[in-house]
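A.B. asks: So that we are looking at the same thing, I have put the structure below in structure tokens.
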Amino acid sequence: MNHYETIFIVDPDTPGTDQDIIFEKVKNMINRASKLLMFDDWGNRKLAYEIKKKRQGRYIRLDYCGNGALVDEMERNFRLDYRILKFMTILLAQDVDPEALAAAAELVAEPATGATESNEESSTSEEASGGETALSETIEPETDTEE
């Protein structure tokens, strides 16, 4: 199986019940053929440019394992659904083990509190020692215009 990431944008004017139906349809499609690793709802965000006279959209990110036929079927459904403004699928890795990826995703989703504290301490010590990782300086651009 391959590891894919798909991001799609739903029309924000679509009623909540219809959006939930779209999400369940996509989840069921993935779970039938493969394994859904993460369903990440980013919420409504401003678009970089107008799409179908809309300035905002509801962003959804899917992380899943599957094959090319699943991606083709999902994208075909996205093209047919007028409520989907845009979509993009990226192949992240080939020939992966879905169970191993699911286990890794669970570890990333639930980090230990002790590890977070030690990371914060190490980053402050690097900043205090003046290491190259600290980028606190800003460079002012020079202007050639004189009035």
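The values are calculated or read from the model by the stated rules, or taken from the named source; none is laboratory data. This is a predicted model, so every value here is computed, not measured. Here Cβ is always computed from backbone atoms with ideal geometry, including for glycine, and neighbour counts include all displayed protein chains.
A.B. asks: Kindly list the number of the only condition in (1) in a helix (DSSP H, G or I); (2) in contact (Cβ under 8 Å) with a residue 12 or more places away in the chain that fails for residue 43.
C.D. replies: The number of the failed condition is (1).
A.B. asks: Return the total of residues in region 56-75 being within 18 Å of residue 19 (Cβ to Cβ) and part of a strand (DSSP E or B). Walk me through how you get there before you give the answer.
C.D. replies: At the first step, the residues of region 56-75 found to be within 18 Å of residue 19 (Cβ to Cβ) are 56-62, 74.
Among the residues that remain, those that are also part of a strand (DSSP E or B) are: 56-62.
Residues in region 56-75 being within 18 Å of residue 19 (Cβ to Cβ) and part of a strand (DSSP E or B): 7 in total.
A.B. asks: Hey, another quick one. Out of 60, 30, 22, which single residue is of a type in the set (A, V, I, L, M) and either under 15 Å from the mean Cα position of the chain (by Cα) or modelled with pLDDT of 95 or more (or both)? Lay out the reasoning, then the answer.
C.D. replies: Values: 30 fails: either under 15 Å from the mean Cα position of the chain (by Cα) or modelled with pLDDT of 95 or more (or both); 22 fails: either under 15 Å from the mean Cα position of the chain (by Cα) or modelled with pLDDT of 95 or more (or both).
Going through 60, 30, 22 in turn, the sole match is 60.
A.B. asks: Among the candidates 87, 39, 78, which residue alone is under 13 Å from the mean Cα position of the chain (by Cα), more than 23 Å from residue 106 (Cβ to Cβ) and aromatic (Phe, Trp, Tyr)?
C.D. replies: 87
A.B. asks: Of all residues in region 90-103 being of a type outside the set (D, E, K, R) and not in a helix (DSSP H, G or I), which is nearest to the chain's Cα centre (by Cα)?
C.D. replies: We begin by selecting, within region 90-103, every residue of a type outside the set (D, E, K, R); these are 90-94, 96, 98, 100-103.
Among the residues that remain, those that are also not in a helix (DSSP H, G or I) are: 90-94, 96.
Numbers: 90: 11, 91: 13, 92: 12, 93: 16, 94: 19, 96: 19 Å.
Per the criteria, the residue is 90.
A.B. asks: Residue under question is residue 23, and the condition is that it be out of contact with any Asp or Glu (no Cβ under 6 Å at 6 or more places or on another chain) and under 25 Å from residue 105 (Cα atoms); does it hold? Spell out how you get there, then give the answer.
C.D. replies: Numbers: out of contact with any Asp or Glu (no Cβ under 6 Å at 6 or more places or on another chain): yes; under 25 Å from residue 105 (Cα atoms): yes.
Answer is yes for this residue.
A.B. asks: Hey, among 81, 95, 72, which residue is exposed (fewer than 10 other Cβ atoms within 10 Å of the Cβ) and either modelled with pLDDT of 95 or more or charged (D, E, K, R) (or both)? Give the steps one after another, and end with the answer.
C.D. replies: Details: 81 fails: exposed (fewer than 10 other Cβ atoms within 10 Å of the Cβ); 72 fails: exposed (fewer than 10 other Cβ atoms within 10 Å of the Cβ).
The unique qualifying residue is 95.
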